[in-house]
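Data block below; observations after.
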Amino acid sequence: MNRAKLIRLSIRLANSLSSTQQPGFHLHRFNQVTHFSYLTQFQNYSLFRKPVSNLIFPISHQKLCLSSNPESLIQITQSNDWSDETEKELENLNPKVTHESVVYVLNKLNANPQKSLDFFKWVCNEKGFDPSYLPYTLLLKSLACKDFVEEFWGIASEMEEKGIYFDKQFCVTINLLLKKDNLDKTAQEWEKFYKSMNKFGGRNDVAKDAVEVILESDWSEEVESKLKKIDFPLSDNVLFLIIWSLRDEPLKALKFFNWVSDYRNHEHNSVTFSGIARVLARRGLMGEFWEVVTRMRSQGCEIDSYAKMSRFLNNEDAVKLFEFMMDGPYKLSEQECVWLLKDLAHDPDPNIDFVNRVVNKYVEAGNSLTKAVFDGIHRSLCKVGRFDEAKKIVEDMRNAGYKPDNITYSQEVFGLCKVRRFENARLLFDTMESEGCVPDLKTWTILIQGYCAGDRLDQALSCFLEMLEKKYEPDADVLEVLLKGFLAHNKLFGAFKFLVEMVNKTGVKPWQATYKLMIDKLMEDGKLGEAFSVLRLMNEQGYPPYAKPIVEYISKSGTVEDAKKLLGALSMKKHPPSNAAYVNVISAFFGEGRFTEAKDLLYGSPHRVRNQKKMKQLFGSE
């Protein structure tokens, strides 16, 4: 790497800024915030300092019901290797196995594939549990690792035999898990397995028929009559498949859900209740959603996955659902609490009341605040500029035995920059090391991002230079932060030059989204040559070419020669452009009514392109 050249480039870029800001750091007066104590905010504050180990529920000598006290079962399965003795202990609990309880336990055991598999076999073989989509997929995710490939395929094949369909998103999740464990060949076989599965194959043909009947017209007695003739089984898997297949028509899905209950006297369970609730949340039908959620609780059923449900909800409803589920028998985990706190902090102006409600409910359930939860509170307080309260949280964190780290400091650094208290931010950054916390690349990136967010690109670049001088290697994150900083200052050429130099001089691989953003901005300004350069960099680094905005520009105001240059930029590793690339560009000219240019480009194309069906349709016998 030519670090000296890169530093000189950054200095030139910094000097080229037409900023009216004076060099150096400036202390901006900040309005004093109203201080409040978390002692008064959280009534259960005394629980904060309990060690996590004290929160595990002891096993009672009385007979328990798995569906009413799942913690006992979890303690047995987590604390022992699976054995006959383990099964005897479980039997002594006299558990009533339900969908919710099995999902709850599998979630807790997800980091231990062997115990997940042993538990799954036990509830199926010994307790007669008939698993549906969610328990199977939870187990598959746990087994998607190097030592359990054979068991993984056994469960996948069992799902196929039962006609349990999984969607593309789940396929991608498993693919990533397999690749993470260097199981590339297994990942390829998994892709083929997914493609070979017929969404409505085999025993689920009746589900397909039911969906077609419901979608073809408005709900009516005639629709109900046709559904009765199909006489589909009322199994969890079939009903869930029908409901989820109707997700783009949520009110029809709800009509079907209620019809099954009213006219076929079916008692819905957590599988079907959770399915219809997710369909309603997905389309923002919150009145109907809460009606279903309340109804399922009244019938002794619980939502089986907070993560799957909450991703469709706004922050207020996500918090409300968190509270609702924490009041049930299956308490949400620390991981789910932390995830929600992070999600709340992503708002430009986080709602601290929502944060308080989440933490209060978490503590009320008997949990202590962990380092991750403290950071979740601290993150939102810093983002809204409530630094006195943020410092109090750090003090509470120390008192609970947790040491502030780069994550904690970074949150405050970014918050200070956001409210333009740059001198305070830099002072905090410089004093981190004296606190025993050496800034890492992520911390430097946060500081640079803070300067950019505070409209101080010159100081962001100076900070970047300092980072390089301290021998930190830039990565895709810091590159994207600075690129967006240039663009925010309308420094398009500076952004382009910085991107190219970073890739060529340091070998950093930007995110695909960074390349796309750069091409979009260049084409908005008509910078065709620069866009070609970025497109070539994408190709060289193995990304799919992002040519759409370039094609749109050329088809409207470019030339045939421009189109040829684009096709040249789309060539990968000495391979000529694909037929699809030619067809796409020629069709774009044709669509803009530029028939002469379209013909010129067609006649200059390889014979294989002229023989494409699309070209014959556009140009006929020519």
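Only the coordinates and a few stated rules stand behind these numbers; no lab work does. Computed from a prediction, not measured in an experiment: that's the story for all the values here. Cβ placement follows ideal geometry from the backbone for every residue including glycine, while neighbour counts extend to all protein chains displayed.
Applied to segment 447-462, the Karplus parametrisation 6.51 cos²θ - 1.76 cosθ + 1.60 on θ = phi - 60° returns per-residue 3J(HN,Hα) values of 4, 4, 4, x, 4, 5, 5, x, 6, 10, 5, 4, 6, 4, 5, 4 Hz, with x for Gly and Pro. Ranked for footprinting exposure by Cβ neighbours inside 10 Å, fewest first, Val103, Val394 give Val394, Val103. Cβ-Cβ distance of Glu466 and Lys391, R₀ of 25 Å, FRET efficiency by 1/(1 + (r/R0)^6): the value works out to about 0.45. The fewest-to-most ranking of Phe493, Phe129 by surrounding Cβ atoms within 10 Å reads Phe493, Phe129. Bridging of Lys88 to aspartates and glutamates at a Cα separation below 18 Å is possible for Glu71, Asp118, Glu126, once same-chain residues fewer than 8 apart are set aside. Pairwise Cα distances in segment 54-196 exceed 20 Å for 48 percent of all pairs.
Per residue, the average separation of C-alpha pairs within less than 8 Å and at least 6 apart gives segment 96-198 a relative contact order of 23 percent.
For the chain, the relative contact order comes to 12 percent (Cα pairs under 8 Å, sequence separation of at least 6). On full extension, the segment bounded by Ala111 and His607 gains 173.0 nm, given 0.36 nm per residue less the C-alpha separation. In percent, rounded to a whole number, the relative contact order of segment 511-622 is 20, using alpha-carbon pairs under 8 Å and six or more apart.
Taking the Cα centre of the chain as origin and assigning +1 to Lys and Arg Cβ atoms and -1 to Asp and Glu Cβ atoms, the resulting dipole is close to 2320 debye. In this entry, segment 67-130 is assigned a mean projected area of 3.7 nm², taken as a quarter of its C-alpha convex hull surface. Using a simple spin-label model with pseudo-atoms 7 Å out from Cα toward Cβ, Glu433 and Asn125 lie 6.0 nm apart. Each of Arg386, Arg264 was scored by other Cβ atoms within 10 Å of its Cβ. Arranged with the fewest first, they read Arg264, Arg386. Between Ser220 and Glu161, the FRET efficiency estimated from the beta carbon spacing at R0 = 30 angstrom works out to 0.25.
Translational diffusion coefficient of the chain (Stokes-Einstein, Kirkwood radius from Cα pairs, 10 °C, 1.306 mPa s): 55 µm²/s.
When the helices of the chain are scored as -39500 (n - 2.57) per DSSP H run of n ≥ 4 and the total is divided over every residue, the value at 222 nm lands at -20000 deg cm²/dmol. The modelled label-to-label distance between Phe595 and Phe170, using points 7 Å beyond Cα along the C-beta direction, is 5.2 nm. The percentage of C-alpha pairs in segment 511-622 whose separation is greater than 20 Å is 39%. Value of Rg to Rh for segment 202-313, rounded to two decimals, is 0.95; Kirkwood radius and Rg both from alpha-carbon coordinates.
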